[in-house]
Amino acid sequence: MRYVCRFVVLMVALGLCLTTSGLAQESAVDSSEVLSTLEKNHPRLMLMDKDLGHLKILYAKDRVLQKCLRDVLKDADNCAEKPMLTYRKIGPRLLHVSRECLHRIYALGLAYRWTSDEKYAEKAAENLLTVCAFDDWNPSHFLDTAEMSHAVGLGYDWLYSYLGEERREKIRAGLVKNGLKPALSAYEKSWWSKSEHNWNQVCNAGMIIGALAIAESEPQYAERIINSAIKSLPRALKSYGPDGAWMEGPGYWSYATHYTAYGLTALQTALGKDFGLLQIEGLAEAGNFPIYTAGPRGLYLNFADSGEKGSRRPMPCMFWLARTYDNSLYAESEHAEIANHDASAQHVVWYLPPPRQIPQKTLDCYFRGPVEIAVFRSAWNDPEALFVGVKAGYNQVNHGHLDLGNFELDALGIRWVRDLGSDNYNLPGYWDGKRGGRRWEYYRLNSKSHSVPLLNGENQDPLAKSNFTKFETENSSAFVLVDLTSAYEKSASKVTRGVAMIADRRAVLVQDEFEIENPCELVWAMTTDAKIDINEKNTALLTLGGRKLVARLLSPLAAGFEIESARQKPPQKTNKSVRRLIVRLPKAKGVVRVSVLLSPVWKDKEVVTEVPIKPLTQW
Ligand SMILES: [Zn+2]
């Protein structure tokens, strides 16, 4: 394993050199030259007519593609019945209107291009003219402007011949006034073009598409926007490095990666190049993240502001990653999704047939980066398998919670230990994430709702950073160690957590070790939906969905379990029927070890009850 790691580090270092120099060369384009390779004809964005032609040939014999088209046409028929969009904000956002417009334009636009039925084109045109007549696209929350520019740019391009010059002129005027013009001032003044998270990809890619759609008519806008976007995008794309994880959690992985796919596809189809952006380290591996962080029933290892109980759902960007990086694992994973759920127009845009050969997956996986993730499982393709995921990294990442060392656990088809997810973005101070910021008063975001230790009842330091210090994987067991010291510096001189899958991958051991100088209250906790019965003080029986899991406190033996409610008062989310299994040491001092064994009651009724306790230094 160590050898493999060293090899990876070497490859990463080499990759970095190649990437940086490749990017510098490619990006050193004369800014007035950026449009010199512009495809003159429409459609030039996302799906060229020649590729549409190839898909139509494939369609004759590809049943999955036939199913995708059925799904898209059904969706387009629905979209054609909907009333026109209206300008209505929710809080500070118009985003739901922009997204609905984007959804309609893809579905109606593809339905028209596939069937040549003008009813789809006409509905799309009406939607485009409606949003182009809006007073603005809410540039103060620029995601809204960018997603609407994407929708309008795509619609203009795909329906170019159908629209006629009079309507084209109106749409161009709306796109310039509400999209491209605000974008130019945003590139000068706003923070997002310098950001390293989802806003970067969404805003840049949305504007790339808007700008390229009308680049021949408005070259002065397109030139400046494309140049600004290709300078800005690497800041966020490097956040995938080195292993493809996304620090904002699985929900934002999807948002950011879809927009990465939109932006880079548009550059390739309209300009015939990617400016070296595809080579940025970590992007080729990004498809591993949703595959490995989805538990046996598809529930993600949930962290940061992800929706509650988020799970793997169809994500057409997996097809884009699969075709761009020739990765059949990504393709196979997405085919499994659309076999059970509706496909979208973007699945057709990036379609590739089911792969003939599927590469093997490892049971365990370690993602490095601004947030570090380790996931372990007992098996693939078994919805009852044991799965545990652990999170480390940096508490200050965008959308982050105070949750270093947090873990989530699935077994027997049940999520036993879970993260509660995001709260309402409109809560006062939700974005005030500095030390002492109001964000950390909210239960779901601070340490008190997470399955992490609490010292003196205090949150982890919002500025803390943690790393995995050891990751080992063998057939029958695997573990990770995480150094949490910087999260608890006020109360402890050292804090380390170990999470291990043990006993032929039938149980999980969570072991925390503390070095504490001045006595403090130490609370070990995990958050669960299960009913908890404490029969003996150091054994708790958890029941959920008719299944059982035994929690056994192996150390310290003198302590015992308690139960706490996770209930909160509105306007926070209330976490009805969520509980916390607690171990409380009122005056912890010196070297303290808390060791908890989590054993599912498997079908054969066998429960792992014993495990030798070793100091983490001997793991
Ligand atoms: Zn959380």
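The selection criterion, being of a type in the set (K, R), modelled with pLDDT of 95 or more, within 30 Å of R547 (Cβ to Cβ) and assigned to a strand (DSSP E or B), does not hold for R444.
Please determine, by comparing only the residues of region 308-332 that are more than 16 Å from the ligand (Cβ to nearest atom) and part of a loop (DSSP other than H, G, I, E, B), which one is surrounded by the fewest Cβ atoms within 10 Å (Cβ to Cβ). Once the filter is applied, the top-ranked residue is D326. So which residues in region 367-423 are more than 12 Å from the ligand (Cβ to nearest atom), under 16 Å from S306 (Cβ atoms), among the small types (G, A, S) and in a loop (DSSP other than H, G, I, E, B)? Correct list: empty. Note on region 350-383: residues that are in contact with a strand residue (DSSP E or B) (Cβ under 7 Å, 6 or more places away or on another chain) and among the charged types (D, E, K, R) amount to 3. I'd like to know if region 139-152 contains one or more residues that are within 21 Å of R93 (Cα to Cα) and out of contact with any helix residue (DSSP H, G or I) (no Cβ under 6 Å at 6 or more places or on another chain). Yes, the conditions are met somewhere in region 139-152. Counting only residues that are among the small types (G, A, S) and in a helix (DSSP H, G or I), region 112-148 holds 4 of them.
Cβ separations smaller than 6 Å between residues 6+ apart or across chains give the following pairs from region 396-423 residues that are of a type in the set (S, T, N, Q) to residues that are within 14 Å of the ligand (Cβ to nearest atom): N398/E248; N406/K391; N406/H450; N406/S451; N406/V452; S422/D305.
Taking region 208-256 as the search range and keeping residues that are of a type in the set (D, E) and over 22 Å from the mean Cα position of the chain (by Cα), which one is nearest to A304 (Cα to Cα)? Per the criteria, the residue is E223.
Residues in region 276-307 that are among the aliphatic types (A, V, I, L, M) and part of a loop (DSSP other than H, G, I, E, B): how many?
Adding up the residues that qualify gives 6.
In this structure, is L463 touching a residue at least 60 places away in the same chain (Cβ under 8 Å) and within 12 Å of the ligand (Cβ to nearest atom)? Answer is no for this residue.
Condition (residue is closer than 13 Å to Y187 by Cα and either of a type in the set (G, A, S) or surrounded by fewer than 24 Cβ atoms within 10 Å (Cβ to Cβ) (or both)) applied to region 210-221: is it met by at least one residue? Yes - at least one qualifying residue is present in region 210-221. Restricting the first member to region 198-212 and to residues that are within 13 Å of K181 (Cα to Cα), and the second to residues that are not in a helix (DSSP H, G or I), the beta-carbon pairs closer than 8 Å and six or more apart or on different chains are A211/E218. Filtered by the rule that a residue be crowded, with 24+ Cβ neighbours inside 10 Å, over 11 Å from L455 (Cβ atoms) and more than 28 Å from the chain's Cα centre (by Cα), region 513-526 gives no residues.
The values are calculated or read from the model by the stated rules, or taken from the named source; none is laboratory data. Treat the numbers as computed from the prediction; the structure is a model and nothing was measured. No Cβ is skipped: glycine too gets one built from the backbone with ideal geometry, and neighbour counts run over all protein chains shown.
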